[in-house]
Amino acid sequence: MDPFRIRDFEIRNRLFVGTGKYATYDLMRRALEASDCQVVTVAVRRERLVDKEGRSLLDFLDLQKYIILPNTAGCFTAEDAIRVSLLGRDLLEKQGNKGAGWVKLEVLGDKKTLLPDPVGTLEATKELVKEGFTVLCYSSDDPIAARRLKEAGAASVMPAGSPIGSGQGILNPLNISLCLETLKEGDPTYPVIVDAGVGTASDVAIAMELGADGVLLNTGIAHAKDPVKMAAAMKHALEAGRLAHQAGRIPKKRYATASSPFEGVISYIPGE
């Protein structure tokens, strides 16, 4: 698949996969392998990195193979998200992982919807850019909010297909298209990644057919009946959606259009 760039990061696989919600670390590891992902997201809050047995999630990831994308999942204020980002950078610098230079920023509005707080997200983006982070910013599918985040210095804006973990897929394709149009205006290479709400492979294909540069997901794989098979399905769906977008779909029409011309067909005339 054709690679793309997010600042200093060259990404060869456009599927970003999370590490939460798996039944076991071994299952997580096998699902990541099946997805063929290059970028793996990790929530860096200590209570999420270390399980009740004292095992670190990072011990089950090949830090030479994967670029770790630390995220600020569970943060509800800009101050908390900034603190967690700094913690993640320090942790990954000690591990020698390239992902120390970036962060997937989430500043959530409430625990019920897990939708982004637009004010807190913008505030945290500005501060983290000053701190030298490459900020990938979780956003609503509002193109105006997305534009504000890009203007604040976000290296990538990541509009939600639907609420986190909902499995509802791309609820508003029009808004995702408007986000893409707005964010890529004047810079068609600006990376836009659809984040959140993916339930199955067709959701990934739709996001890519709309023109997204990538898809980030977690629950759709981790909570599938067979996470390893679903991870493989997501991989192929992303490739198919990307190819379809590049190929260009035919326009939708109100009435049928015959595949073969009517002229010159052999006709049967009774009595002849």
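The values are calculated or read from the model by the stated rules, or taken from the named source; none is laboratory data. A quick note: this is a predicted structure, and the numbers were derived from the prediction, not measured. So basically every Cβ, Gly included, is an ideal-geometry build from the backbone, and we count neighbours across all protein chains shown.
A few notes on this one:
- In the range 64-80 there is at least one residue matching the filter, namely being assigned to a loop (DSSP other than H, G, I, E, B), polar (S, T, N, Q) and more than 21 Å from the chain's Cα centre (by Cα).
- Selection count where residues are in contact with a strand residue (DSSP E or B) (Cβ under 6 Å, 6 or more places away or on another chain) and either surrounded by fewer than 18 Cβ atoms within 10 Å (Cβ to Cβ) or not hydrophobic (A, V, I, L, M, F, W, C) (or both), scope the range 209-224: 3
- Boolean, residue 135 is in contact (Cβ under 8 Å) with a residue 24 or more places away in the chain, over 13 Å from the mean Cα position of the chain (by Cα) and assigned to a strand (DSSP E or B): yes
- Condition met for residue 101 (among the small types (Gly, Ala, Ser), farther than 17 Å from residue 19 by Cα and out of contact with any helix residue (DSSP H, G or I) (no Cβ under 6 Å at 6 or more places or on another chain)): yes
- Test for residue 263: is it surrounded by fewer than 21 Cβ atoms within 10 Å (Cβ to Cβ), at pLDDT below 95 and of a type in the set (Asp, Glu): yes
- Checked against the criterion of being at pLDDT 95 or above, assigned to a helix (DSSP H, G or I) and in contact with a Pro (Cβ under 7 Å, 6 or more places away or on another chain), the candidates 183, 174, 178 yield just one match: 178.
- For the range 225-255, the candidate set comprises residues that are over 17 Å from the mean Cα position of the chain (by Cα), within 21 Å of residue 23 (Cβ to Cβ) and in contact (Cβ under 8 Å) with a residue 12 or more places away in the chain; within that set, the residue that is surrounded by the most Cβ atoms within 10 Å (Cβ to Cβ) is 227.
- Residue in the range 104-113 that is buried (at least 16 other Cβ atoms within 10 Å of the Cβ) and of a type in the set (Ser, Thr, Tyr) present: no
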